[in-house]
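The block underneath contains the structure these notes are about, expressed in structure tokens.
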Amino acid sequence: MMEWLRRSLSRSPRNGETSKTQTQSNTKEQDQQQQHMFGITEELINLVKSFTIDTFKNFPLQDEDQATYGEEAQSTTSTKVRKDLSQWQERHAVLVLSSVKELSQLRFVLCPRHLKENEFWRIYFILTRSHIAEYELRAIQQEKLKRMATEDEKSSNNSLYEIEMAEAKHGSIIEPLPPS
């Protein structure tokens, strides 16, 4: 009987190992969901891996494109991703840099010797537009819906507050009836 118990215990994973494995799988699942939310798909990864130094160096940026993304843009300190990007683009850029090491290496070689940081990202988003546009659009739509829901909630809360205030004012105007 004791021997059976020892064998059973040695076969089953320890509690700490199980929870650690579950935590790692949950984290990995969340990372995959976030990557998908920001358009980091296998198709995009394959496209980005096909980029070369010449892809960026020979890209015909228009002067107006450069003026739009001019020198006034500042980089963030933690990620070194340009602040002239939208919040969605900035998060996408951080995720794609961590997912596709080839892009990180290209960026390291190109910036700032051959391209300014803002030019690099401008070219990247032009090259990947057909792959990521639907994800960015979906994020914009979700943000608008959240904002509208928040505004609706605020206005309904204000309406309730105004009704309560009106009732309170109305109640203080009415004088109590004298005792009978």
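The set of residues from the range 100-124 being out of contact with any strand residue (DSSP E or B) (no Cβ under 8 Å at 6 or more places or on another chain), buried (at least 17 other Cβ atoms within 10 Å of the Cβ) and part of a helix (DSSP H, G or I) comprises Leu103, Leu106, Arg107, Leu110, Glu119, Phe120, Arg122, Ile123, Tyr124. Filtering the range 52-79 down to residues that are surrounded by fewer than 10 Cβ atoms within 10 Å (Cβ to Cβ) and of a type in the set (S, T, N, Q), which residue is modelled with the highest pLDDT? Looking at residues that are surrounded by fewer than 10 Cβ atoms within 10 Å (Cβ to Cβ) and of a type in the set (S, T, N, Q), I get Asn58.
Lys49 fulfils the conditions (1) modelled with pLDDT of 95 or more; (2) out of contact with any helix residue (DSSP H, G or I) (no Cβ under 6 Å at 6 or more places or on another chain) except for a single criterion, (2).
Would you be able to say whether some residue in the range 131-147 is modelled with pLDDT under 65, aliphatic (A, V, I, L, M) and out of contact with any helix residue (DSSP H, G or I) (no Cβ under 6 Å at 6 or more places or on another chain)? No - not one qualifying residue is present in the range 131-147. Total residues in the range 86-135 satisfying the condition of being closer than 16 Å to Thr41 by Cα and among the basic types (Lys, Arg): the figure is 3.
The values are calculated or read from the model by the stated rules, or taken from the named source; none is laboratory data. Just so you know, these numbers come straight off a predicted model, no measurement behind them. Don't worry about glycine lacking a Cβ; one is built from the backbone with ideal geometry, like all the others, and counts go over all protein chains shown.
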